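Student: The structure under discussion is supplied below as structure tokens; questions concerning it will follow.
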Amino acid sequence: MGKLVAVFRVMPEDADVDLETIKAGVKASVPKDAELQGWQVVPVAFGLKALEVTVVMEDESGAGPDGVELAFSEIAGVGSVQMTDVGRI
């Protein structure tokens, strides 16, 4: 069918959480049928920063965007994960 590209906003539990630790968790938790394309640190408010993570996966992959979102939400120090964009490439 094709590939999907999805962008996830990974929010830490609070401003004191080290984003480098979350980045390492993101690298380790990307499902095997998905590919991490990159991330950027985005300021949110009052010193809080989030990671915007871009992942590419097969359209008919087993986990899909929901599986990636669930995997990221289980990382220590992550407060919430939200898929902000998805499209076909």
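The values are calculated or read from the model by the stated rules, or taken from the named source; none is laboratory data. Because the structure is a prediction, the values reported are computed rather than measured. A quick note on method: Cβ atoms are made from the backbone with ideal geometry, for glycine too, and the neighbour counts reach across all protein chains shown.
Student: Could you check how many residues of the stretch 11-22 are in a loop (DSSP other than H, G, I, E, B) and either surrounded by fewer than 16 Cβ atoms within 10 Å (Cβ to Cβ) or in contact with a Leu (Cβ under 6 Å, 6 or more places away or on another chain) (or both)?
Tutor: Let us first name the residues in the stretch 11-22 that are in a loop (DSSP other than H, G, I, E, B), namely 13-18.
Now drop any that are not either surrounded by fewer than 16 Cβ atoms within 10 Å (Cβ to Cβ) or in contact with a Leu (Cβ under 6 Å, 6 or more places away or on another chain) (or both), which leaves 13-16, 18.
Count: 5.
Student: Another question, then. Of the conditions (1) closer than 15 Å to Val81 by Cα; (2) surrounded by fewer than 11 Cβ atoms within 10 Å (Cβ to Cβ), Gly25 satisfies every one except a single condition; which number is it?
Tutor: (2)
Student: What number of residues in the stretch 26-51 are more than 15 Å from Gly67 (Cα to Cα) and either in a strand (DSSP E or B) or touching an Asp or Glu at 6+ places or on another chain (Cβ under 9 Å) (or both)?
Tutor: So the answer is 13.
Student: Out of all the residues in the stretch 51-77, which are more than 16 Å from Lys3 (Cα to Cα), among the aliphatic types (A, V, I, L, M) and either out of contact with any strand residue (DSSP E or B) (no Cβ under 8 Å at 6 or more places or on another chain) or at pLDDT below 95 (or both)?
Tutor: Passing the criteria: Leu70, Ala71, Ala76.
Student: To continue, here is another question. Starting from residues that are more than 11 Å from the chain's Cα centre (by Cα) and part of a strand (DSSP E or B), keep the ones in the stretch 1-10 and report whichever is modelled with the highest pLDDT.
Tutor: My answer is Val5.
Student: Report, by residue number, each residue of the stretch 53-80 that is part of a strand (DSSP E or B), under 13 Å from the mean Cα position of the chain (by Cα), farther than 15 Å from Lys27 by Cβ and without any contact (Cβ under 8 Å) to a residue 60 or more places away in the chain. Walk me through how you get there before you give the answer.
Tutor: Narrowing the stretch 53-80 to residues part of a strand (DSSP E or B): 53-58, 78-80.
Add one more test, that the residue is under 13 Å from the mean Cα position of the chain (by Cα), and what stays is 53-57, 78-80.
Checking the rest, the ones that are also farther than 15 Å from Lys27 by Cβ come to 57, 79-80.
Within the stretch 53-80, Met57 is the sole residue that qualifies.
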